[in-house]
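Just so it is clear, none of the values below were taken in a lab; they were calculated from the coordinates. Bear in mind that the values here come from a model prediction, so they are computed numbers and not experimental data. Positions of Cβ are generated from backbone atoms using ideal geometry, with glycine treated the same way; all protein chains shown enter the neighbour counts.
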Amino acid sequence: MSPDEPEDKKPEDVPEEPRAEAPPSEPVQEPPPQSEPDSIFGDVPEQPVEPEPEPETVYVSSEPEPEPEPLYDPRNREPAYAPPADPEIPMPRPAPTRVDRQRARDARVNLDLDLGRIKRRKRYGLFITTISVLFIALVLMPVTWAGAYLFINAPSTLLMMQRAAEGETIRHYPIPINRMSPHIVRAVIAAEDARFCEHEGFDVEAIQEAMESNAAGGRTRGASTISQQTAKNLFLWPQRSWVRKGFETYFTALIEFMYPKRRIMEHYLNVAEWGDGNFGIEAAARARFGVSAADLTPLQAARLAAVLPSPNRWSADSPGPYVRRRAATIVQRANVIRNERLASCALIMDRPNTER
């Protein structure tokens with residue numbers, strides 16, 4: 001001990017140096033117990049049994065595998081992929097010359113000319129289309145329709161369709177005029193249009209008289225001729241309007257030009273309404289008097305003609321006082337029509353002997 005060291009310092013106060021820890025040793029496997037030899041030649045050592053390896057855990061990634069980079073195809077001059085295009089760098093444009101300005105002006109002039117030509121074509125095309133539609137609607141279709149009825153009887157009319165839609169049973173039996181009683185032809189002319197064989201579809205005198213009577217405040221009178229009523233019944237609807245009146249005038253002039261008077265009278269008597277769904281003189285004669293149209297008497301014909309203005313309100317088979325008086329007047333007028341041959345355009349028997 002050095003004299004300079006304090007006496008009260010004990011050996012145990014000296015700090016101990018840390019000792020390095022020895023690495024953990026692997027556990028020593030004890031050898032398996034020796035068994036008695038199975039043979040006489042001594043002990044045979046047993047082969048150690050190796051443990052089975054544990055299965056390795058395979059981790060599958062959810063991310064898609066990257067696609068392989070495209071390879072160069074030697075058959076093509078370019079690689080299989082398109083390299084990114086370099087950004088275009090705007091180049092300064094040269095100042096337009098006098099020739100360029102002239103070309104631009106010429107191009108604008110030509111463009112204006114082309115646009116004007118296109119507009120004119122569209123305008124003319126629309127005009128031609130409109131004219132074509134009007135020609136088909138106002139000329140071709142009406143003429144074709146009227147031309148067909150020159151040879152065949154009308155199978156139905158708009159009024160028949162309206163009455164059928166209202167629930168009425170339609171009875172319609174078209175017959176030729178030579179199977180109709182001449183009394184019904186004379187009675188209808190006497191009741192509806194005394195100058196039927198004289199005018200060309202419109203009775204100007206009757207129209208003037210009706211206008212004067214209506215202007216004076218008297219009972220409203222109509223001036224429709226048999227030709228006008230035939231045009232309305234064959235081709236148009238029954239409701240009154242200025243549009244229908246205009247079409248009625250057009251179809252009246254058309255059938256007066258295309259049809260003989262005998263054919264107009266035949267159509268009129270075959271499509272006229274006589275009430276309760278009876279259309280045509282044959283259906284009316286059967287329903288009201290139980291006879292055919294050829295067997296009608298002068299009084300029966302006069303009663304059927306008397307109810308024509310309102311066939312659904314008046315009755316021909318059981319007439320009231322007004323229908324009786326009107327029927328008697330029609331019988332007298334029908335005699336005048338026969339004596340003066342005013343129905344000769346529709347009845348062959350009323351024509352002079354030289355015209356038969």
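Among residues other than Gln239 whose Cβ falls under 13 Å from its Cβ, what is the net charge (Lys/Arg +1, Asp/Glu -1)?
Counting the neighbours of Gln239, the net charge comes to +3.
Using Cα centres only, tell me the gap between the range 147-197 and the range 238-287 in whole Å.
That distance is 6 Å.
Decide, for the range 148-304, between rounded, prolate and oblate: order the square roots of the alpha carbon gyration tensor eigenvalues as a ≥ b ≥ c, take rounded if a/c falls under 1.5, and otherwise choose prolate if a/b is larger than b/c, else oblate. Intermediate values should be presented prior to the final figure.
Details: a/c = 1.45, a/b = 1.33, b/c = 1.09.
Note, shape of the range 148-304 comes out rounded.
Can you tally the net charge around Arg163? Count Lys and Arg as +1, Asp and Glu as -1, for every other residue whose Cβ sits under 10 Å from the Cβ of Arg163.
Summing Lys and Arg as +1 and Asp and Glu as -1 gives -4.
What does the extension gain come out to for Asn110 and Ser132, with contour length at 0.36 nm per residue minus their alpha carbon separation?
So the extension gain works out to 4.7 nm.
On alpha-carbon atoms, Rg over Rh for the range 107-149 using Kirkwood Rh?
Numbers: Rg = 18.1 Å, Rh = 12.7 Å.
With Rh from the inverse mean 1/r over Cα pairs, Rg/Rh is 1.43.
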